[in-house]
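Remarks on the structure that follows.
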Amino acid sequence: MAPIPGSGLAKGLAVTLRTMTRKTVTEQYPDALPELPPRTRGVIGLFEENCTVCMLCARECPDWCIYIDSHKETVPPAAPGGRERSRNVLDRFAIDFSLCMYCGICIEVCPFDALFWSPEFEYAETDIRDLTHERDKLREWMWTVPAPPALDPGAEEPKEIAAARKTAEKLAATQAEPQQPQEGES
């Protein structure tokens, strides 16, 4: 059986008419902020207190868009007679978001939880050179990071917490026992 001439055109027009009669779902963005999923990847926030300047994030970044500068400071001994120690002090932490591909490798490799995904997405600039954000701006975004989701009530207790609880229970049990005098003591 041969197709009827113009049937493809009629099907196409039917689709167009169906689409034209539906209500649009355009979000009025500047006036109404969009409803974002809880763990949206918007921009990277820095929790400066946790940064030890280990440079893992900068080394692992495939785009080399993280810039870190630091210096060493000598810390006096904690106890008299101890030795002085040196520690790294963060001078500059910047991310060039014009180069960043938002892969999250820097967040994954950070051993001290200093980097986090923030749902913030309104950081457009008119000049590409202004997309390099320093640690002050990264710190501001840190406060928009949502709290992690609560643990599943039916889940198994984390091993770290279980070990700490058992140690605390053993310590409490040994302190609660009265001390028995040894033989030869009165």
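The values are calculated or read from the model by the stated rules, or taken from the named source; none is laboratory data. Bear in mind that the values here come from a model prediction, so they are computed numbers and not experimental data. Cβ sites come from the backbone with ideal geometry, for glycine too, and all protein chains shown count toward neighbours. These accessible areas exclude ligands, DNA and RNA; they are computed on the full protein's heavy atoms, side chains included. Shrake-Rupley method; radii C 1.70, N 1.55, O 1.52, S 1.80 Å.
Could you tell me whether Leu171 is over 24 Å from Pro37 (Cβ atoms) and either at pLDDT 90 or above or aromatic (Phe, Trp, Tyr) (or both)?
Considered against the rule, which asks whether it is over 24 Å from Pro37 (Cβ atoms) and either at pLDDT 90 or above or aromatic (Phe, Trp, Tyr) (or both), Leu171 comes out as no.
Counting only residues that are closer than 15 Å to Thr144 by Cα and assigned to a loop (DSSP other than H, G, I, E, B), how many does region 36-68 have?
Residues in region 36-68 being closer than 15 Å to Thr144 by Cα and assigned to a loop (DSSP other than H, G, I, E, B): 8 in total.
How about region 55-86: which of its residues are touching a helix residue (DSSP H, G or I) at 6+ places or on another chain (Cβ under 6 Å) and either farther than 24 Å from Ile44 by Cβ or open to solvent by 80 Å² or more (accessible area, probe 1.4 Å) (or both)?
Glu60
Can you tell me which residue within region 106-131, out of those that are of a type in the set (Ser, Thr, Tyr) and open to solvent by less than 40 Å² (accessible area, probe 1.4 Å), is nearest to Gly42 (Cα to Cα)?
Ser118
Output yes when any residue across region 96-104 is touching a residue at least 24 places away in the same chain (Cβ under 8 Å), in contact with a strand residue (DSSP E or B) (Cβ under 7 Å, 6 or more places away or on another chain) and hydroxyl-bearing (Ser, Thr, Tyr), and no when none is.
no
I'd like to verify a number: residues in region 96-150 that are more than 13 Å from the chain's Cα centre (by Cα) and either at positive phi or in a helix (DSSP H, G or I) (or both), how many?
Here the count works out to 8.
Scanning for something charged (D, E, K, R), part of a helix (DSSP H, G or I), open to solvent by 80 Å² or more (accessible area, probe 1.4 Å) and under 18 Å from Met142 (Cα atoms), does region 14-31 turn up at least one residue?
no
Within region 132-151, how many residues turn out to be open to solvent by 100 Å² or more (accessible area, probe 1.4 Å) and either acidic (Asp, Glu) or within 14 Å of Ile95 (Cα to Cα) (or both)?
Within region 132-151, residues that are open to solvent by 100 Å² or more (accessible area, probe 1.4 Å) and either acidic (Asp, Glu) or within 14 Å of Ile95 (Cα to Cα) (or both) number 2.
So, in region 32-45, exactly how many residues are out of contact with any Asp or Glu (no Cβ under 6 Å at 6 or more places or on another chain), surrounded by 10 or more Cβ atoms within 10 Å (Cβ to Cβ) and touching a residue at least 12 places away in the same chain (Cβ under 8 Å)?
Qualifying residue count for the region: 6.
What about Val89, is it of a type outside the set (D, E, K, R) and surrounded by fewer than 17 Cβ atoms within 10 Å (Cβ to Cβ)?
Judged against the criteria, Val89 is a match.
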